[in-house]
Protein chains: 2
Amino acid sequence: MTATTGLTAACPIARSLAVVGEKWALLIVRDALAGASRFAQFRTSLGIAPDMLADRLGKLVEHGILERRSYREPGERAREEYLVTPVGRELAPALAALGGWGLAHLPVADSSPFRFVDAATGAPAVAGFVDAAGRPVPLESVRLERIAGPVVTGPAR
Amino acid sequence: MTATTGLTAACPIARSLAVVGEKWALLIVRDALAGASRFAQFRTSLGIAPDMLADRLGKLVEHGILERRSYREPGERAREEYLVTPVGRELAPALAALGGWGLAHLPVADSSPFRFVDAATGAPAVAGFVDAAGRPVPLESVRLERIAGPVVTGPAR
């Protein structure tokens, strides 16, 4: 979760992994996208230690992926909940891509407890490649080019 | 990189993160997709300790993401190189999604040292959502639904 600096910061994949590559971060975003907002909801879903969850939620707030909001149930003290921001919502394609890969190549069940859908149609939506005009590009046609930049492109140490 | 078991295995996002959530794995796959195959190439690109790189390459081979092949330069001993498999290639959308998010939200430069392109046209390709028929789905329209499964959906401990 450390910020990248200098030469190591050149690759945006490495930069993203420095922020969300930690094992809980993307699962917290997953739960937030699926409607969880309260500490106990994340804790129950993830089976994570409370102090670790508090730390990870704080980091995601720092990075603008979640935002804190106070709420108060009748007769109880004020508590904080965590809502996914537009920046956090833009991690959805990464989650969908990882989920699609896991479903295809690490199957333990026929189905997933989560799925992305097009809210306009109710049809499942999966991660794929599109061009600048929004047209789909088949995976077989996609190449990764190294176009520039420094030699050292790993994550921040 | 531990295999998930039991209840924790239900979510394919969590399963994928158990395999490729470790900080070097996706960067090694990135370099392999961009044409790196030899130990020294990964080492130079990543600035990673040799024993750690050897371990991570071995894990990626175990998971069928890379495959080992022997090669021998004239007058040198046989060495091994690492080629990305079709299973590994299917991680490209996850890399593209993480890279796109990093470029949008963690910018340190105007450009990236890597880009995905449609080999058929040379045009940039980015991660997005598509439906089962391959039609693009706008991010604003996408929702993550919890559809079933156990309460505990975190990564393997």
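The values are calculated or read from the model by the stated rules, or taken from the named source; none is laboratory data. Every value quoted in this text rests on a predicted model; they were computed, and no experiment measured them. Virtual Cβ from ideal backbone geometry, glycine too; neighbours counted across all protein chains shown. Only protein heavy atoms, including side chains, enter the accessible area calculation; ligands, DNA and RNA are left aside. Shrake-Rupley method; radii C 1.70, N 1.55, O 1.52, S 1.80 Å.
General observations
- Total residues in segment A:74-103 satisfying the condition of being part of a loop (DSSP other than H, G, I, E, B) and of a type in the set (A, V, I, L, M, F, W, C): the figure is 1.
- A count restricted to segment A:135-147 and to residues that are facing another protein chain (nearest Cβ under 7 Å), farther than 14 Å from B:V130 by Cα and either touching a Lys or Arg at 6+ places or on another chain (Cβ under 7 Å) or not basic (K, R) (or both) stands at 5.
- Within segment B:119-134, the residues that satisfy the criterion of being more than 30 Å from A:I147 (Cα to Cα) and either within 7 Å of chain A (Cβ to nearest Cβ) or modelled with pLDDT of 95 or more (or both) are B:D131, B:A132.
- Residues satisfying the stated conditions in segment B:1-44, i.e. of a type in the set (S, T, Y) and either over 19 Å from B:R89 (Cβ atoms) or modelled with pLDDT under 90 (or both): B:T2, B:T4, B:T5, B:T8, B:T44
- Condition check for A:K59 on (1) within 13 Å of chain B (Cβ to nearest Cβ); (2) of a type in the set (K, R); (3) under 19 Å from B:W101 (Cβ atoms): one failure, at (1).
- Residue list for segment A:86-103, restricted to those being within 15 Å of the chain's Cα centre (by Cα) and either of a type in the set (S, T, Y) or open to solvent by 70 Å² or more (accessible area, probe 1.4 Å) (or both): A:P86, A:R89, A:E90
- Summed over segment B:104-134, residues that are assigned to a strand (DSSP E or B), in contact with a Lys or Arg (Cβ under 9 Å, 6 or more places away or on another chain) and open to solvent by less than 60 Å² (accessible area, probe 1.4 Å) total 5.
- Which numbered condition B:Y71 fails, given (1) assigned to a strand (DSSP E or B); (2) surrounded by 12 or more Cβ atoms within 10 Å (Cβ to Cβ); (3) not basic (K, R): (2)
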